[in-house]
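Below: the structure, in structure tokens.
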Amino acid sequence: MPLTPTLSRSTGRGRRALDDRRTIRHRIRRFLRDDRGAATTSFILAFPIFLTIVGIVVQMALMVNAKVMVNHAADAAARAAVTSLPDGHPENISQAAWIALAPLSPQATSTTSQAQIAYSALQAVGANVADSFPARYSFAQQATQVTWTPDSQDLSQSVGQPLEVTVTYRFQLTVPGIMKMAQASEDTVAGVHGWFWSVTGKCQVQTSHGRKANVSSDNGWPQ
């Protein structure tokens, strides 16, 4: 008789321990099968990758736009060279490229006197020019290199000849992570610090005869 309560208590503790183990195993299985929050976890893991891809796509689109703008600047500089070199004014070539690249440029920390002159001249002919144009023009002045071949500065005494104008512009990259992919270099241009990618545009034209050229053909300037 004295053994009966002890055995009953032992059996009860054993059953409770068994039930506890079954409950723990059941909870573990339910936890492993439960997919609540899986979408949130997947989104958190994938979002940085997605954001990086979007940033790269945006920067690549900006780089393509920069290439188009630099090609346009080369065309503008070449059109200026057609008449400016034969007239003895090579400075017009660079100015044409700077004006074309001003919308693409960030604002320089300071403006040049030549930028103010170009701004006033455009306003005088009725052009709708933004107030930030002088600062952007000033940046384009320092970020742009304009060359032509042959590299004569004065063709006023020469007959018309083929000419190739090359415009190289340092475009500022704004999306992190693409600098190394684009082989950009860190620098400060016109007071603007950042990573810059060099993009080049070229255009070939035929210059007009120089105003002092001795032309024997009927389609040139008078002798």
Residues located in the stretch 177-188, provided they are part of a loop (DSSP other than H, G, I, E, B) and of a type outside the set (Val, Ile, Thr): 177, 179, 180, 181, 182, 183, 184
Tally of residues being over 27 Å from residue 199 (Cα atoms) and under 30 Å from the mean Cα position of the chain (by Cα) across the stretch 127-164: 2
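Matching residues to (1) of a type outside the set (Ser, Thr, Tyr); (2) assigned to a loop (DSSP other than H, G, I, E, B); (3) at pLDDT 95 or above:
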{"residue": "123", "(1), (2), (3)": "yes, no, no"}
{"residue": "127", "(1), (2), (3)": "yes, yes, no"}
{"residue": "130", "(1), (2), (3)": "yes, yes, no"}
{"residue": "135", "(1), (2), (3)": "yes, no, yes"}
{"residue": "140", "(1), (2), (3)": "yes, no, yes"}
{"residue": "145", "(1), (2), (3)": "yes, no, yes"}
{"residue": "151", "(1), (2), (3)": "yes, yes, no"}
{"residue": "155", "(1), (2), (3)": "yes, yes, no"}
{"residue": "159", "(1), (2), (3)": "yes, yes, no"}
Test: residue in the stretch 162-173 that is over 28 Å from residue 63 (Cβ atoms) and surrounded by fewer than 21 Cβ atoms within 10 Å (Cβ to Cβ): yes
Which listed residue, of 114, 107, is under 22 Å from the mean Cα position of the chain (by Cα) and surrounded by fewer than 23 Cβ atoms within 10 Å (Cβ to Cβ): 107
Scope the stretch 167-176; condition out of contact with any helix residue (DSSP H, G or I) (no Cβ under 7 Å at 6 or more places or on another chain) and assigned to a strand (DSSP E or B); matching residues: 168, 172
Single match in 97, 74, 102, 80 (criterion: touching a Cys at 6+ places or on another chain (Cβ under 6 Å) and surrounded by 23 or more Cβ atoms within 10 Å (Cβ to Cβ)): 74
Pairs where the first residue, in the stretch 88-112, is more than 17 Å from residue 196 (Cβ to Cβ) and the second is part of a loop (DSSP other than H, G, I, E, B) and among the acidic types (Asp, Glu), C-beta under 6 Å, 6+ apart: 88/154
Every residue from the stretch 172-196 that is among the β-branched types (Val, Ile, Thr) and in contact (Cβ under 8 Å) with a residue 24 or more places away in the chain: 174, 175, 178, 189, 192
Selection from the stretch 64-105 of residues that are assigned to a helix (DSSP H, G or I) and hydroxyl-bearing (Ser, Thr, Tyr): 83, 84, 94
Pick from the stretch 189-212, criterion among the small types (Gly, Ala, Ser) and crowded, with 18+ Cβ neighbours inside 10 Å, ranking: modelled with the lowest pLDDT: 210
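The values are calculated or read from the model by the stated rules, or taken from the named source; none is laboratory data. From a predicted model like this one, the values you see are computed outputs, not experimental measurements. So basically every Cβ, Gly included, is an ideal-geometry build from the backbone, and we count neighbours across all protein chains shown.
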